[in-house]
């Protein structure tokens with residue numbers, strides 16, 4: 001009840017208050033903020049994925065503006081020699097308005113990344129988007145097999161089937177590249193697992209499937225149990241360090257992150273930034289009110 005109350009009230013709080021916790025998890029509003037944070041992480045031996053905040057737009061003018069922001073971000077990031085790649089949310093480019101226009105705009109972004117031999121990750125959004133985002137990935141991966149990846153969410157009951165179906169485009173020369181995370185959107189129990197232990201079990205099953213099939217996984221978790229499980233799978237399959245990476249959100253569990261880096265594993269940190277930070281923060285809290293408890297703790301303790 002307390003968590004839900006906080007989630008519902010937060011959009012009405014002054015932005016300065018919301019920023020008290022958001023600033024720990026968002027680089028800032030500008031590209032300069034993102035570059036500053038990225039350079040700091042790079043010096044720690046950590047690679048990044050840059051993400052301009054925004055999703056679920058209302059008109060295609062916004063999609064065009066978002067595309068141009070990404071094109072500029074890639075040029076500036078590469079000029080500054082940032083060691084990282086780029087994450088995008090298709091709804092930011094009109095997926096739910098016109099999926100063909102969305103495809104064309106994201107394709108332009110991928111082409112720009114290809115100019116620098118870099119990589120674009122297509123984020124997975126809520127259940128209404130999954131089929132369209134897999135289709136989008138298939139089209140782009142067919143043209144740019146080494147420069148585009150996708151995200152899968154282990155709490156979705158369909159995930160293993162989706163992984164198996166996509167094996168038809170997997171090759172030894174250009175292995176598929178996925179981020180595997182638990183998932184944050186609120187979905188019905190008919191299509192999504194709800195119990196923590198069940199979600200963890202499926203996460204490790206899907207990670208093992210990736211290792212067995214030479215898929216490159218981004219192991220995106222802050223859960224110590226999953227990290228320990230990943231270590232065991234890496235040892236079981238004798239996976240070379242260049243064929244996987246761990247991924248974490250900016251500002252979350254820095255001590256745990258450091259322990260992974262200190263063990264010699266590749267680490268990538270998701271660095272979100274942009275003027276839509278307030279909307280991002282409040283939407284995420286509404287989607288998952290349980291985060292309220294973590295947010296209250298974060299104001300007083302960062303661990």
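None of the figures in this text is laboratory data; all of them are computed from the coordinates on show. Since the model is a prediction, treat every value here as computed from it, not as a measurement. Neighbour counts are summed over all protein chains in view; Cβ atoms, including those assigned to glycine, are modelled from backbone coordinates with ideal geometry.
Any residue at all in the range 168-184 that is free of Cβ contacts under 8 Å to residues at least 60 places away in the same chain, touching a strand residue (DSSP E or B) at 6+ places or on another chain (Cβ under 9 Å) and over 20 Å from residue 230 (Cα atoms)?
no
Would you be able to tell me the number of residues in the range 259-281 that are touching a residue at least 40 places away in the same chain (Cβ under 8 Å) and surrounded by fewer than 17 Cβ atoms within 10 Å (Cβ to Cβ)?
Filtering the range 259-281 down to residues touching a residue at least 40 places away in the same chain (Cβ under 8 Å) leaves 261, 266-281.
Within this subset, residues satisfying the condition of being surrounded by fewer than 17 Cβ atoms within 10 Å (Cβ to Cβ) are 261, 275, 279.
Here the count works out to 3.
Could you tell me which residue of the range 231-245 is nearest to residue 177 (Cα to Cα), considering only residues that are out of contact with any helix residue (DSSP H, G or I) (no Cβ under 7 Å at 6 or more places or on another chain) and assigned to a helix (DSSP H, G or I)?
It comes out as 243.
Quickly run through the range 111-148 and pick out the residues that are under 17 Å from residue 83 (Cα atoms) and touching a strand residue (DSSP E or B) at 6+ places or on another chain (Cβ under 8 Å).
Within the range 111-148, 113, 118, 119, 120, 121, 147, 148 meet the criteria.
When you scan the range 40-55, how many residues do you find that are surrounded by 16 or more Cβ atoms within 10 Å (Cβ to Cβ) and outside any strand (DSSP E or B)? Steps first, please.
As a first pass, look at the range 40-55 and keep what is surrounded by 16 or more Cβ atoms within 10 Å (Cβ to Cβ): 41-42, 46-55.
Next cut, outside any strand (DSSP E or B) only: 41-42, 46, 53-55.
So the count comes out to 6.
Out of (1) touching a residue at least 24 places away in the same chain (Cβ under 8 Å); (2) surrounded by fewer than 20 Cβ atoms within 10 Å (Cβ to Cβ); (3) assigned to a helix (DSSP H, G or I), what's the single condition that is false for residue 145?
Checking residue 145 against (1) touching a residue at least 24 places away in the same chain (Cβ under 8 Å); (2) surrounded by fewer than 20 Cβ atoms within 10 Å (Cβ to Cβ); (3) assigned to a helix (DSSP H, G or I), the one that fails is (3).
Of all residues in the range 22-32, which are closer than 18 Å to residue 68 by Cα and in contact (Cβ under 8 Å) with a residue 12 or more places away in the chain?
29, 30, 31
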